[in-house]
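Scroll down for the structure; my scribbles are underneath it.
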Amino acid sequence: MIDRYKKNIFISALYIATIVINVQACMTTFINDSNSKVAIYNEHDKAFLIIPKSGKRRFGNHDKHAYFVVYAQQPKTKTEVWIPVYTCTQNECGNNGNIVLKFSDIEDGTQATSLFTIVKNKPHSSMVRELPMIQRKNCSSCN
């Protein structure tokens with residue numbers, strides 16, 4: 001009889017603790033619903049995660065907001081060249097402990113991205129175009 005009483009007290013205390021404590025983790029599950037591979041560079045642990053087409057990956061930290069860069073593979077190249085497309089910073093932690101974010105949500109700016117600040121990265125220009133001798137039209141050594 002006493003063991004049953006202790007068991008009921010323990011279960012009741014555990015139930016009350018789960019109601020009172022609101023765990024808000026900052027884990028993120030990224031789903032690649034695009035037509036090609038994408039990669040995630042997690043700024044906190046410096047990990048570069050390649051996510052195949054229709055794949056998903058969970059990353060993050062339970063006590064820090066997510067901060068990551070989404071990379072897309074450059075099309076029509078023989079080697080894997082990755083271009084940064086979006087930089088994502090999490091503003092709030094999710095209520096259920098895991099935020100599910102799709103690549104299409106980031107591109108379309110849907111409601112699923114409301115917990116994030118998403119910045120579209122500018123495309124990188126060729127380094128050759130940035131050379132001072134090419135920028136100047138009066139290049140004496142060019143003639």
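The values are calculated or read from the model by the stated rules, or taken from the named source; none is laboratory data. Fair warning: this is a prediction, and the values are worked out from it, not measured in the lab. When we count neighbours, we look across all protein chains shown, and the Cβ atoms used for this are built from the backbone with ideal geometry, even at glycine.
Summed over region 91-103, the residues that are surrounded by 14 or more Cβ atoms within 10 Å (Cβ to Cβ) and in contact with a Cys (Cβ under 9 Å, 6 or more places away or on another chain) give a count of 4. When residue 108 is tested against (1) without any contact (Cβ under 8 Å) to a residue 60 or more places away in the chain; (2) surrounded by 12 or more Cβ atoms within 10 Å (Cβ to Cβ); (3) acidic (Asp, Glu), just one condition goes unmet, and that condition is (2).
In region 81-93, the residues that are among the hydroxyl-bearing types (Ser, Thr, Tyr) reach residues that are part of a loop (DSSP other than H, G, I, E, B) with C-beta atoms within less than 8 angstrom, at least six apart or across chains, in these pairs: 86/121; 87/121; 89/65; 89/66. Considering only residues in region 65-90 that are more than 20 Å from residue 31 (Cβ to Cβ) and not aliphatic (A, V, I, L, M), the one that is surrounded by the most Cβ atoms within 10 Å (Cβ to Cβ) turns out to be 74. Considering region 30-64, the residues that are among the charged types (D, E, K, R) and buried (at least 16 other Cβ atoms within 10 Å of the Cβ) include one that is nearest to residue 93 (Cα to Cα), namely 57.
Within region 49-79, which residues are among the hydrophobic types (A, V, I, L, M, F, W, C), closer than 19 Å to residue 118 by Cβ and out of contact with any Pro (no Cβ under 6 Å at 6 or more places or on another chain)? Explain how you work it out, then say what you get.
Taking region 49-79 and keeping what is among the hydrophobic types (A, V, I, L, M, F, W, C), we get 49-51, 59, 66, 68-70, 72.
Cutting the leftovers down to closer than 19 Å to residue 118 by Cβ gives us 49, 51, 59, 66, 68-70, 72.
Hits for region 49-79 are 49, 51, 59, 66, 68, 70, 72.
When residue 16 is tested against (1) at pLDDT 85 or above; (2) among the β-branched types (Val, Ile, Thr); (3) over 26 Å from residue 108 (Cα atoms), exactly one condition is not met: (1).
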